[in-house]
Amino acid sequence: MKNLLITSVLFLSIIFISCAPQLSNVTTEDVEKLRVDYNRGKIQTVEDLIAIYKDPIQPMETRIAALQALAQTQHPDAIKILHDFMYQSVGVNYALLTATANALMKSQRPEDITAMVNGVSSAQKKYINFRTTILKNIEGADINLQVEQLLNLYQTEKENYVQMQESLTRVLGSIKDERVIPILINIARDKSVKISVRSAALEILGKKQNPLITEAFVEMLGDPETQLQIRDFALKAIGDIKEARVILALLETYNAGKEEYFTLTETLTKALGDFSDPAVIPALTEIVKNPEFPLTTRKNALNALIKFKDPKIFDSLLPMMESPDNYVLFDEMSSMASAIGG
């Protein structure tokens, strides 16, 4: 009886094995056939594609082909598998994770974005756990470690962190939601953050219009440690700023370095020549009146003021013409008088 039972079990096992799906040696051509079959109405092929996609023994190109086919089907089971894989970071196979993210990005649904963000968080947690375990093992090991290797590891981690910060800053900058502005301001103010990241935050903020940004810029300009950073930003992106208080603060800040200061003011006056916002009038007027500025810069500022056709501006500038040194601005002042009178 016992022998009969064993024989029966073996027989059933052989039948089960012979009937089970065989996933060995699957090629991209096989995947393409399954994709075509699905498009012809054989919905059950989704299960085969899922099995191939999840099978770690399959070649990477085959698994990627399967996931691309799954993404095209838009079948609920297929999409769930992609989301689950991204969230779980199965095996932390970055090639497959990247391909999965690219496949999900084609539809750009909110739930797809959520799955990708979850994927980053999950993969990062697993990496941190792995890294912590390795470092603990090294710490407890009775061996002479090479300092150079540890320093290289430290530098790599630092670079990875900076790259992550830069990427997040750019993503935040692309979002139109006003809630990101305080976050970007905090990044720009944070002295522990690398200069390149803070500069990226400043560059993005310079293209947005918000009272909080003006306050932050003026405050940072009063900090000697951030002046150099702001200067570099301003010389590149000042054309996006038209807040008078920021401009005047910039001009005061850069008075220490005349060459860069004059370069900045010339850039400012040219940029402001395209603006019709009255908010720029005080800054332009200050430039015109200040004899320390190069003549070209003062003329640019004066020409920018002409378009406003404002008698009050003319009256505020007229007293400076009492000085012979300012006769060089006679033509521009005459043009302003004609514009107002015309």
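Values for this structure:
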| item | result |
| --- | --- |
| Among 278-284, 57-63, 321-327, the order from most to least packed when residues are scored by Cβ within 10 Å on average | 278-284, 57-63, 321-327 |
| Links that overshoot a 20 Å alpha carbon limit, given the list 54/80; 106/126; 289/309 | 106/126 |
| Sequence of 120, 180, 328 once ranked by neighbouring C-beta atoms within 10 Å, starting from the fewest | 328, 120, 180 |
| Which of 52, 340, 306, 43 has the fewest Cβ neighbours within 10 Å, and the rest in rising order | 43, 340, 306, 52 |
| Under 15 Å from the residue 102 label point (7 Å along Cα→beta-carbon), backbone N, the range 157-181 | none |
| Segment residue 315-residue 77, length gained on full extension (0.36 nm per residue, minus Cα span) | 78.2 nm |
| Net length gained if the chain between residue 330 and residue 124 were fully extended (0.36 nm per residue, minus Cα distance) | 67.6 nm |
| Sorted by Cβ neighbour density within 10 Å, fewest at the top, the residues 204, 50, 175 | 175, 50, 204 |
| Inter-label distance, nm, simple model (7 Å from Cα along the C-beta direction), residue 131/residue 212 | 2.9 nm |
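Every number in this text was worked out from the coordinates using simple rules, so none of it is lab data. Bear in mind the structure is a predicted one, so any value in this text is a computation, not a measurement. Every residue, glycine among them, receives a Cβ derived from its backbone with ideal geometry; neighbour counts consider all protein chains shown.
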